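What follows is a short report on a single structure.
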Amino acid sequence: MNLKKLYLSGGLLFILIGLIVIGGCSTKKNTFTRRAYHNLTSHYNVYWNGMDQLRQGVKDYQNTVVDNYALILPVYNYGDKTTSGTISQYADIGISKASKAVQKHSMVFNQKEYVKWIDDSYLLIGKSYYYKQDYGMARRSFEFIIKTYNKNEIKYEAMLWLAMSNVQMKDFKRAEPMLDMLQNKITQGEAPEKFEMPVNLAYAQFNILQEKYNAAVPYLQRAIELNPGQEMKTRCLFILGQIYQKNGDYPEATQKYKSVIKRNPSFPMEFNAKINLAQCYDTQSGDKEFIIKKLTRMLKDDKNKEVLDQIYYALAQVSLKDSDTIAGINYLALSVTSSKGNNYQKAISSLALADIYFAIPNYSLAQAYYDSTMQFLPITYPNFKEIKRKTSTLTDLVTNLQLIELEDSLQMLALMSEDDRNRKIDDMITQIVLEEQRKKVEEMERRDNPNLFGTPGNELPSVAGSREGKWYFYNTTALSNGFSNFARKWGRRKLEDLWFLSDKNVMTFGDDMAIADTSMMPTDSAGVQGGAATTNPKKREYYLKDIPLTPEQLDASNQRIIDAYYNAGFIYIDGLNDYKNSIESFESLISRFPKSDREPPSCYELYILYRDLDNQPKSDYYRNLILNQFPESDYAKLLINPNYYKEIQKQKSQASKLYEETWLAFNNQQYYMVLHNADLAFTEFPSDTGLIPRFEYLRAMALGKVEVVDSLVVALQSIVNKYPNHEVKPLAMNILEYLSKQRNANGDPVAPDPTQPEDPSVKLYTYTPNSIHFFILIVDGSRVDVNALKIKLSDFNSKYFRLDELQINSLMLDNTREMITINNFYDAQKAVDYYLSIKANPYVYNKLENVGDYSDFVISVENYPVFYKNKDANLYKRFFEKNYNTSGLE
C-alpha cells in the first residue's frame, strides 16, 4: 500500500514538473509556475554554472600569480594585463551565463523583479569583468546594481566591489567615499556585519597601493580579528610583519613572522618569513646564534638551492648589524654570485655592496656593483633615479681614473728597454692566465661542493682583488676594470667570462693549458702574432700597440691624462660632493703638468674649493697665481670683475636671439634678411665659436636661393674647410654630395630643400584614442602558413575574448606580405589590452619568432586607410610606439 502511494505521489510530482516545464517557459505572465520555473532554471542551469566557472578560474589564476616578497605585499594580487588572459576564458563564461540568465529568465512586473537570481547574475557579470581587469566595465555593472536594486541587500556587496574596482584603477578619490559610506552603514546597523571584514581588507588594499603602509595597519589588524580565513589571515600577518620591519619595529615584526611560520603557509611565504625574521635581528635582544643556525640549515637544504642568494643576503644583514663588515661583504658577494634567476635579489645584493664600497669610499668597486645593480633593478624601485645618477657619475669618474692609471703604466713601459718591457708584458699575461685558471678551478670546486665557500673568512671576496699593488698592472682590480673600460677603443663589454673579447672564438683553453712563451709565437706578415693579437690581452701586441714610444704619442698620452684629471676633479665635487679628492685631482694636474691648457681653470676651481672650505690662505694663493701668471685669461677677468661672465652671457643671449630670428627668416623665405643678419653676427659676435658656423651655414643656404647654385657650393666648401670639427660640417657635406648627383635639364646642380620633417609619421597619422581600433599582424605569406595562423588567432580569441565577438580578416598588402586584421575594439585602450595579452601568449607567436620578419600593432579606423595606401609598416610602428602605451610588456 505504501509503495502504491509512493508511486502515485511520484507520478503526481512528475506530472507537476511536466506542467511547470510546459507552462513556465514564458516570462510574460506572473504566475506561480512561471516564477518557480525561472527561479529554478536561472539558478541551477545558468547562474550556478557561471559562478562555478569563475570560482575555478580565480583559483587557477591565483596559482599562477607570483608575489614579489622584496616589496610589501598587496592584500590582493591580481597580476597584470599580460597574465590576465589566464582567467579571461572563465570570466567570459561567467559573463555569458549571467547574461543568459538575465535575458531569458528575468520577470519584472510593476518595477519588481520576481526571479531572485537576476541581481546575483548582474553581480556575477561585474565580478567577471573585475577579474578580467576590465575595471571600467566592472564599475558600470556595480553602479547599475546599486541604482537598480537600492532596496536589496545586494547593493552593499556591489558597493564593496565598486570601491575595489576604483582602488585597482587607482581612482582613490572615488574609492574612499564609497568605503566610508559602506563602513558607516555597517556601524549604524543598516548593512550586515558580514561585510565588515572585506571592507577592512579593502581599506588595507586602498592604503597599501598608495604606499601609506602605516595607515593600513589598523585595518589589517581588525581584519585578522574578524577571521578572514586561513590563507588570508596568514597573508595579513605577513604584510603586518613587513610593515613593522620597514618601520624598524623588529620585535613586532619578529612576532608576526613567527606567527606566519606556525600557520603552515605556502613554501615561498614560509621561506621569506624566515629570511625576513633573520633581517629583523636586533643586536640588543636578538638571538644571533639561533638565526645563524637556522639560516645555515637552510643553506644545506636541497629545496633551497634556487634561493641561496636570499639566504646569503639575510646572513649579510645579520653580520652588518653586528658591525662585521668583512663577513657582510663576503655574504653579499656570495649572494650576487649564487643568484640564478632572481634578478631582483641580484640587484639589491649588488646595491648593498655598492653602498658599502661607496661609503668607504672605494669608488672603483662601488661603480662596478652599481653598474651590476642597474642591469637588473626595476624602474619602480625606490630612489631608482638617484641610483641611476650615482651609477652614471661613478662610471664617468672610474673611466677617467682608469685612463690615468693606464696611460701612466703605458708610459712606464715606454721608458723601459725592449727586453724589460717584453718581460713585464709577459708577466702581465701570465697573471691573466693564472687568474683564469684559478677561477676555473674555483668554479669546479664550487660545483662539486657548493658549501665549500659558504662560510666567510677574514678576507675580502675575490672580487676585491687578491693583490693590491700601487702599480696599475699589479693591481688586480684596476687591471680588470681597466680592460673593461678601455672604452675609447673597445667600448663597454658585458660582465662575463672573456668579456674583453668581441669574438669569443678567438682563443679557447683546455684544462691542461700551459703558459706559453709569447715571444716564440708565429708572427704574420704585418708583424702581428696571429690574426687577432691586437685584440687579445694574452698577446704582447695588445699592449705594445698603445705604448707612447714617439714624442707625438707621448704628448697625446699626456693630454689624455690632463683631461682625465680635470674631468675627475669636477666629477668629485659636482657629482659626489667630495672636496678632498676634487682638490687632490686638480692639484695633481697642476703639479704634474704645469703650463698646460687646463692649469688656469684648475687654479680657479681650487680658489673656489678652498674658499668654500674656509681655507683663505690657500684660496688667496690660487687667486694670486691666476692674476700673476694668466692675467689675460677669462678667469683673471672674472676675479677682477665679478660681472664679467654676466656680460659674456648677455652677449651670447643677444647672439642666440639674432640666430633665432635668422632661422625664422630663412623658414619664411626671407633670404636677404638672412644675409643681412649673418653679416651683422660676423661683426657683433665674432668670438662666438658656437653660433658663427651656424650663421655661415644659413648664409650659404640663402645664397643658394638668391644667387646661382655655384655660390652655394663655394660657401659650403668654405664651411667644410673652416670648421672640420663643428656639427655644421656633415650638413654641408651632405648637401654637397646631393648637389654632385642632382642636375637640372641644363646639367647644372640643383639646390635641395633643407627643411625636411624629422619624422614623416607625425604628418601622416593622427592619434585618436576614442576611435574604433583594429589589431594588425603583417607576415611574409611565402614563409608563413597564413591559414594556420588565422586558426591560432581564432582559437586565442575564442579562449580569451569570446564575448568581444572579434572578426578576423586578411588581404594581401603587397606581392609578398599578407595583412591579418582583427576588429573591432571600441577604443585604443581595449585594443592595447588585446595587443598586450596576445603578445604574452606564446601559442600564436611561437613559429613567428622563428621565421622573423613580422610586424604587429594596433591602428585606428582613421589611420587604417592611410597605412594601407602607404604600406610602410616601420613608419607606422614608430608612430604606434610613440603614442600607444605598451609598457605592460616591459
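For the range 144-177, residues that are under 23 Å from E196 (Cβ atoms) and open to solvent by 60 Å² or more (accessible area, probe 1.4 Å) total 6. In the condition set (1) over 25 Å from A715 (Cβ atoms); (2) open to solvent by 50 Å² or more (accessible area, probe 1.4 Å), Y672 is compliant with all but (1). Name the residue that is surrounded by the fewest Cβ atoms within 10 Å (Cβ to Cβ), counting only residues in the range 381-397 that are among the polar types (S, T, N, Q) and without any contact (Cβ under 8 Å) to a residue 24 or more places away in the chain. Step by step, filter the range 381-397, then rank; the result is N383.
All of (1) assigned to a loop (DSSP other than H, G, I, E, B); (2) open to solvent by less than 30 Å² (accessible area, probe 1.4 Å) hold for I311 with one exception: (1). For the range 320-358, residues that are in contact (Cβ under 8 Å) with a residue 40 or more places away in the chain, crowded, with 21+ Cβ neighbours inside 10 Å and touching a helix residue (DSSP H, G or I) at 6+ places or on another chain (Cβ under 7 Å) total 6. Within the option set V779, V786, V762, being open to solvent by 30 Å² or more (accessible area, probe 1.4 Å) and either at pLDDT 85 or above or β-branched (V, I, T) (or both) holds for one residue only, V762.
Could you check how many residues of the range 262-285 are in a helix (DSSP H, G or I) and more than 21 Å from P74 (Cβ to Cβ)? Break it down stepwise before answering.
The first filter runs over the range 262-285 and keeps only residues in a helix (DSSP H, G or I), leaving 262, 267-279.
Then drop every residue that is not more than 21 Å from P74 (Cβ to Cβ), which leaves 262, 274, 277-278.
So the count comes out to 4.
The set of residues from the range 198-238 being farther than 19 Å from E157 by Cβ and of a type in the set (F, W, Y) comprises Y213, F238.
Looking at the range 153-191 only, could you name the residues that are in a loop (DSSP other than H, G, I, E, B) and within 17 Å of D134 (Cα to Cα)?
Kept after step one, since they are in a loop (DSSP other than H, G, I, E, B), are these residues of the range 153-191: 153, 169-171, 188-191.
Of everything in the range 153-191, those that are in a loop (DSSP other than H, G, I, E, B) and within 17 Å of D134 (Cα to Cα) turn out to be M169, K170, D171.
For the range 192-209, state whether one or more residues are touching a residue at least 12 places away in the same chain (Cβ under 8 Å), assigned to a helix (DSSP H, G or I) and open to solvent by 50 Å² or more (accessible area, probe 1.4 Å). Outline the logic, then answer.
We begin by selecting, within the range 192-209, every residue touching a residue at least 12 places away in the same chain (Cβ under 8 Å); these are 192, 195-209.
Next, from what is left, pick out any that are assigned to a helix (DSSP H, G or I): 195-208.
Of the ones still in play, those that are also open to solvent by 50 Å² or more (accessible area, probe 1.4 Å) are none.
No - not one qualifying residue is present in the range 192-209.
Among the candidates N567, N577, the residue that is modelled with pLDDT of 90 or more, open to solvent by 70 Å² or more (accessible area, probe 1.4 Å) and within 33 Å of the chain's Cα centre (by Cα) is uniquely N577.
Is it the case that some residue within the range 626-634 is of a type in the set (F, W, Y) and either over 30 Å from K705 (Cβ atoms) or at pLDDT 90 or above (or both)? First the steps, then the outcome.
First pass over the range 626-634, keeping only residues of a type in the set (F, W, Y): 630.
Then keep just the ones that are either over 30 Å from K705 (Cβ atoms) or at pLDDT 90 or above (or both); that gives 630.
Yes, there is a match, as at least one residue in the range 626-634 is of a type in the set (F, W, Y) and either over 30 Å from K705 (Cβ atoms) or at pLDDT 90 or above (or both).
Filtered by the rule that a residue be open to solvent by less than 30 Å² (accessible area, probe 1.4 Å) and among the hydroxyl-bearing types (S, T, Y), the range 818-860 gives T821, Y834, Y835, S837, Y845, S855, S860. Of the listed requirements (1) over 23 Å from L240 (Cα atoms); (2) open to solvent by 20 Å² or more (accessible area, probe 1.4 Å), Q183 misses just one: (1). Scanning the range 46-82 for residues that are surrounded by fewer than 18 Cβ atoms within 10 Å (Cβ to Cβ), at pLDDT below 75 and not in a helix (DSSP H, G or I) returns D80, T82.
The set of residues in the range 542-555 being in a helix (DSSP H, G or I) and open to solvent by less than 40 Å² (accessible area, probe 1.4 Å) consists of Y542, Y543.
What residue, of L731, L675, is at pLDDT 80 or above and farther than 30 Å from Y876 by Cα? Before you say what the answer is, go through the steps one by one.
On the way: L731 fails: farther than 30 Å from Y876 by Cα.
Selected residue: L675, the only one of L731, L675 that is at pLDDT 80 or above and farther than 30 Å from Y876 by Cα.
Within the range 248-258, the set of residues being within 20 Å of N214 (Cβ to Cβ) and either assigned to a helix (DSSP H, G or I) or in contact with a His (Cβ under 8 Å, 6 or more places away or on another chain) (or both) comprises Y250, P251, E252, A253, T254, Q255, K256, Y257.
In the range 661-676, the residues that are within 12 Å of A700 (Cβ to Cβ) reach residues that are open to solvent by 40 Å² or more (accessible area, probe 1.4 Å) and not acidic (D, E) with C-beta atoms within less than 7 angstrom, at least six apart or across chains, in these pairs: Y671/K705; Y671/V706; V674/R699; L675/R699. Would you check if there is a residue in the range 109-118 being assigned to a helix (DSSP H, G or I) and either modelled with pLDDT of 70 or more or surrounded by 17 or more Cβ atoms within 10 Å (Cβ to Cβ) (or both)? Yes: one or more hits. In the condition set (1) among the hydroxyl-bearing types (S, T, Y); (2) over 32 Å from the mean Cα position of the chain (by Cα); (3) open to solvent by less than 50 Å² (accessible area, probe 1.4 Å), S798 is compliant with all but (3).
The values are calculated or read from the model by the stated rules, or taken from the named source; none is laboratory data. Owing to the predicted nature of the structure, the values given are computational and were not obtained by experimental measurement. Note that we place each Cβ from the backbone using ideal geometry, even for glycine, and neighbour counts take in every protein chain shown. Accessible surface areas use protein heavy atoms only, side chains included; no ligands, DNA or RNA. Shrake-Rupley method; radii C 1.70, N 1.55, O 1.52, S 1.80 Å.
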